[in-house]
Structure formats: structure tokens, C-alpha cells
1. Given a Förster radius of 60 Å and the C-beta distance between B:F262 and B:V69 as r, what FRET efficiency does 1/(1 + (r/R0)^6) yield to the nearest 0.05?
2. Only protein chains counted, 1.4 angstrom probe. Which residues of segment B:206-231 are at least 40 Å² less accessible in the assembly than when their chain is isolated?
3. If you average the alpha carbon positions of segment A:67-119 and of segment B:180-244, how far apart do those two centres end up, in angstrom?
4. Got a sec? What order do A:M149, A:M93 fall in by accessible area at 1.4 Å, biggest, i.e. largest, first?
5. Roll a 1.4 Å probe over the protein chains and send me the accessible area per residue for segment B:1-159 in Å².
6. Want the number for B:E97 to B:T127: 0.36 nm per residue separation, take away the alpha-carbon distance, what's left?
7. For the cross-link pairs A:K81/A:K152; A:K39/A:K152; A:K91/A:K129; A:K91/B:K19, which exceed 27 Å when the distance is taken from alpha carbon to alpha carbon?
8. Return the sequence-ordered ³J(HN,Hα) values of segment B:143-148 in whole Hz as given by the Karplus equation 6.51 cos²θ - 1.76 cosθ + 1.60 applied to θ = phi - 60°, using x for Gly and Pro.
Amino acid sequence: MSKRGPRTPAQAGGHETTGSRPFSFFRAGARNDGSAREKPILVLEDVYKYFDRDRPVLRGANLTIERGEFVFITGPSGAGKSTMLQLIYRKLMVDDGRILFCGRDIARLTGDSVPYLRRNLGIVFQDFKVVPHWTVAENVAVPLEILSMPQKVVRSRVAEALERVGLAGRGNDRTAVLSGGEQQRVAVARAIVTEPALVLADEPTGNLDPQLAIDILTLFEEINESGITVVFATHDHSLLEARPHRLVVIDEGRVFEARSGLQDWQGSGAVRRPEPTAAPVHVHTRGARIDADPTDVVQLHRVAG
Amino acid sequence: MDLHTAFLRARRGFREDAKLYAVAVSSLAVAFLCLATALLAITNLSAMAERWSRSGRMTIYVRDGAPDVDVQALRTTLAELPEVSSATTLSAAEAREQFVRDANVGGELAGLPADAFPASIEVTLRTGVTAARADEIAARVGHVAAVEGVETYRAFFQKLESLVLTGRTTAGIVAVLVLICVLAIVGNTIRLAVAGRRDEIEVLKLCGATDSFVRGPFLVEGALQGFTASLVAVVFLGVCYALLHAQLDGTIAALTGVRAAFLNPAVVVTLVLGGGVAGVVASAASLRRYLTV
């Protein structure tokens with residue numbers, strides 16, 4: 001009756017590195033596609049998403065993310081950051097275009113296959129989405145239970161994940177008694193416990209104070225150093241300033257890309273835009289303003305105060 | 001769906017919603033108790049009907065003071081009929097003794113004089129004798145001078161059959177009502193549980209849980225509710241039966257001619273397992289309606 005897909009060695013309790021993960025996810029019995037390892041982990045091709053026919057949330061979004069990258073996605077509230085992530089983990093469906101995860105078009109997945117896609121993803125949210133009346137260990141163990149791993153393996157993998165996020169020995173604590181930062185660490189541990197190919201973080205620091213936000217960002221960077229690709233959506237400019245990672249800006253449904261983070265941007269100035277827009281765009285975020293020139297450049301300026 | 005994981009998660013669900021499930025199980029147990037009681041009544045009424053239908057008997061009451069020669073001649077004549085299996089005379093004293101023995105009453109009734117019991121000829125008819133032929137024999141025997149009256153038990157049997165039929169219909173209606181109760185109670189309990197665990201379900205789905213993985217524990221919880229409730233009902237009825245049996249069995253035997261019996265083990269197993277199955281069905285129906293995953 002189980003519809004589980006074939007387990008990856010890492011899922012089965014091994015410690016294979018994420019880089020060689022076979023990505024056999026879509027359905028039970030699906031063939032392992034060896035060429036998937038050679039392809040970018042995530043490609044958005046001319047993606048459109050409409051909630052209102054006149055105002056698409058994403059209009060022709062193009063983006064390629066290679067394995068092992070750490071990518072910031074930023075933009076003002078309502079720009080489409082969360083929408084983009086929801087399209088990737090198939091909470092939403094694209095209206096046009098393609099999203100390729102390891103070379104496979106996830107928009108074409110049937111509803112029954114979506115869980116197998118998500119087993120290769122770790123997702124972290126602004127509101128943590130932990131179950132408060134469960135213990136820390138029970139929360140972190142969820143993805144492993146879904147994979148029907150033996151309890152012995154579950155215990156060891158949970159302990160390992162908790163150690164990685166700095167919550168070693170807290171497994172028996174009720175999650176409700178933890179602080180916000182600790183609850184987010186639980187969510188991160190749950191996201192990485194299966195050693196997924198890709199971690200999607202949707203404003204994971206939105207409910208945390210600045211110091212905790214930096215701590216959580218550092219945690220994601222450590223996760224990224226282990227080979228896991230991280231897509232980190234945030235509108236918190238202090239984080240963008242703090243780390244020189246690749247930066248993708250979403251504004252009015254369009255995606256603008258820089259090769260590196262905010263610091264480099266301020267030095268070099270601009271990035272090519274796929275299509276010019278009629279008017280300049282001013283994106284206000286905490287600590288900075290992003291000006292998109294109507295010709296083809298995006299410039300970022302510090303905002304006084 | 002991994003059954004072991006489903007059971008583990010269902011156990012967690014029971015732990016979290018213990019009060020809700022306690023109320024649901026107790027409500028269901030009352031419903032199952034009604035059904036089990038109806039089945040118990042049907043079991044005993046059917047036993048009576050079986051007993052009386054199988055007997056094919058006739059009692060010929062002998063007039064007081066009838067000469068023994070006439071009585072013996074009548075008995076011999078009856079015994080020679082091809083429809084008659086046996087014909088035995090029963091004196092007043094023997095009739096009294098048989099009553100005291102069968103009825104197991106003792107006390108004051110055991111002290112009744114033998115005169116209170118008329119002498120009789122007990123006739124057992126062969127299998128396959130039609131009711132019309134039995135009535136014909138009874139009518140002919142009734143004209144004999146030594147005969148006070150003839151009892152064919154047909155009217156009693158017909159009443160009993162009618163009673164059993166009514167009882168079976170009632171039990172069927174009760175079973176349908178119990179099924180509706182199970183669907184409603186288990187369904188609503190699962191609905192409340194789903195509403196209470198909305199966050200948990202969302203987390204599961206985001207972590208890659210299939211629909212069957214999400215639904216599994218709820219189905220297990222529904223099955224356990226139905227199973228536990230029907231088991232509680234059967235055990236409760238069994239205890240009540242054991243307590244009352246010792247006191248009432250003799251009286252019932254005296255009145256009906258059969259001893260009271262508890263539910264057949266096969267009926268008990270069917271009832272308990274049926275409770276579990278009904279719980280699963282009710283849970284599945286509720287999930288289909290209220291769980292959008």
C-alpha cells in the first residue's frame with residue numbers, strides 16, 4: 001500500500017553527501033535518472049503566476065540555481081518571494097513556464113507525486129510551523145517517520161540534527177516552552193534531518209530579533225557548507241548586507257539577478273534585466289532602497305536612518 | 001501507509017484527545033449495548049421458537065376419573081398411527097414431578113398437590129407431519145369420551161414465531177440505528193480531531209506525507225473507537241447476564257421450556273469486529289468530507 005519512492009542511501013541511514021544524491025523522488029518505481037546529478041538543482045523558465053489576471057505575481061521569471069549554492073531572494077512584501085517558493089514546493093501551480101528540479105518539470109507532477117518531491121526538500125517558514133504540544137524530537141522526527149525509517153535510525157538522525165542546530169539534549173522538551181529562536185532551530189533541524197537536496201527558507205528570520213536572525217542565517221550557511229543548496233527568502237536588508245551571497249531580487253513579478261550579494265552590488269552597481277519596464281521601480285526594504293532603472297540596471301542605496 | 005507508524009501516531013492522537021475519545025467511546029458503547037441486548041433477546045426467542053417448532057408434540061389431557069382401560073386403548077391406538085413417533089401416558093403425580101424437575105422452582109410450587117396436574121398422554125409426532133394432519137388427529141382424539149382436551153401448541157408457536165419475527169425486525173432497525181450512531185459519533189469525533197490537528201496535518205504534508213500517511217492514524221483511531229465501544233458493550237452485557245442468569249434462569253425455563261443462553265461466540269466476535277469495521281468506515285467517510293490534504 002505504501003507509495004514510497006526508492007530511498008536514497010542517505011535516507012536509508014547512510015551518510016552519502018548531498019552532491020551525489022540520486023534524486024529518485026517522483027513516484028515509487030521511478031527510474032533513477034543519473035543525468036539529474038549533472039543538471040542545475042533548480043531552473044525557472046519563463047514562469048508566470050497569476051492570482052489576478054491583470055496583475056501577475058510572477059511574470060516571465062527566469063532563474064537558475066546550481067548545486068551547493070546559497071541564494072538570497074529578496075524584494076518588498078508582496079513582490080512574489082513566497083509565491084516563488086510555493087511554486088517550487090508545489091503548494092501552488094505555475095500558470096505558464098516551467099520549473100525544473102534536477103531536470104524534472106515539477107509543474108507536470110501529478111498530485112500523488114508531490115509528496116515525493118517534497119521529501120527532497122527542506123522547508124522552513126517564518127512562523128516555524130512546529131507542532132507546539134509535541135516534543136522537540138517528535139517534531140524533528142516527522143520527515144523520517146514519513147520515510148518509515150526504523151526507530152533506532154530515527155533517534156540517531158534526530159539527535160544528530162539537533163546537535164547541528166545547537167539543541168543537543170533538548171529532544172524531550174515540549175516545543176511550546178522553547179523561545180522563538182529555538183523553535184526556528186527545531187524547524188531547521190526538521191528541514192535538514194533527511195539531508196535534503198534543497199532547503200527553502202521563507203522569511204525564516206521574520207519573527208526573530210536581529211541577533212537571532214544572524215544566528216539563524218549562520219546556521220543556514222553551515223548547512224550550505226555541508227553541500228545542501230539553500231534558497232533563503234528575506235526582505236531583511238541587514239542580513240543581505242551581512243553576507244556576500246548571490247542575490248536575486250523579485251519586483252513586480254520580475255526577477256533580477258546579481259552574481260553576488262549586496263556588498264558587491266554597491267561596488268559594481270547593476271545587473272542586466274531581462275526586459276525594461278516603463279517606469280523606475282523603488283523597492284524599500286529595511287535598511288536599503290533598491291532602485292530599478294527603466295533601462296536595464298538595478299541599483300541599491302543605503303537609506304538614511 | 002505504514003501500519004506501525006499509523007498505530008504509533010494514533011496512540012499519540014488518543015493521548016492528545018483523551019477526553020474527546022472517552023466521551024465518544026462511552027456514547028458508542030451505549031449504542032452497541034442496545035444492539036447487543038436486542039441480539040440477546042433474539043437469540044433466546046429464536047431458541048424458544050426452535051424448541052417448540054422442533055417438538056412436533058401434542059398433549060392429550062385425560063378427563064378425571066376416566067377408566068385406565070380406555071386411556072391405555074387410546075394410547076395404543078395413537079402409537080400405531082404412522083404419524084406418531086411415540087405416545088406415553090403421564091399420571092397426575094408424574095406430571096407434577098416433571099414440572100418440579102424441569103421448572104427448578106422448588107419451595108411452595110413444589111408443594112402443590114398432584115391433583116393440580118391433570119393426567120395426560122404425551123404424543124410426539126414424526127418429522128414432516130403437516131399442521132393440517134396434526135389438527136385432524138387432534139380433532140378426532142378430542143371426540144373420545146376419556147379426553148378432556150387436546151393441546152397442539154400451534155397457537156402458542158404461531159405467537160412465538162410472530163414474536164421472533166417482530167424481534168428480528170426490531171434488531172434490524174436497532175442495528176441500522178447503531179450504524180447511524182457509529183457513523184455520526186465516530187465521524188464527528190474524527191472531524192473534531194482533524195480540526196484540532198490542522199497544523200500537524202499541514203506540517204506532515206509539507207514534509208512529504210502522502211494522503212494515506214495522513215489519513216492512516218485517523219482510520220486507526222476510528223477503528224479503535226468502534227472496537228473498544230463494542231467490546232465494552234459486550235463485556236457489560238455479559239456481566240449483567242451472569243449476574244441475572246443465576247436468579248432468573250429457572251423461572252425463564254419454567255415459562256418457556258428453554259434455558260436462557262448468552263450470545264453465540266460467533267455473534268460476539270462479529271459484533272466486536274463489526275464495531276471496528278464500522279469505526280473505520282465512519283472515519284473514512286468523515287476524512288473524505290473534512291480532510292483536504
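The values are calculated or read from the model by the stated rules, or taken from the named source; none is laboratory data. These figures come from a predicted structure and were not determined experimentally. When we count neighbours, we look across all protein chains shown, and the Cβ atoms used for this are built from the backbone with ideal geometry, even at glycine. Heads up: the accessible areas ignore ligands, DNA and RNA and are worked out on the full protein's heavy atoms, side chains in. Shrake-Rupley method; radii C 1.70, N 1.55, O 1.52, S 1.80 Å.
1. Approximately 0.75, to the nearest 0.05.
2. B:L206, B:C207, B:G208, B:T210, B:F213
3. Rounded to whole Å, the Cα centres lie 36 Å apart.
4. A:M93, A:M149
5. Heavy-atom SASA per residue in segment B:1-159 reads 56 Å².
6. Computed gain between B:E97 and B:T127 is 8.0 nm.
7. Details: A:K81/A:K152 38 Å; A:K39/A:K152 35 Å; A:K91/A:K129 15 Å; A:K91/B:K19 34 Å.
Flagged as over cut-off: A:K81/A:K152; A:K39/A:K152; A:K91/B:K19.
8. 7, 6, 4, 6, 9, 7
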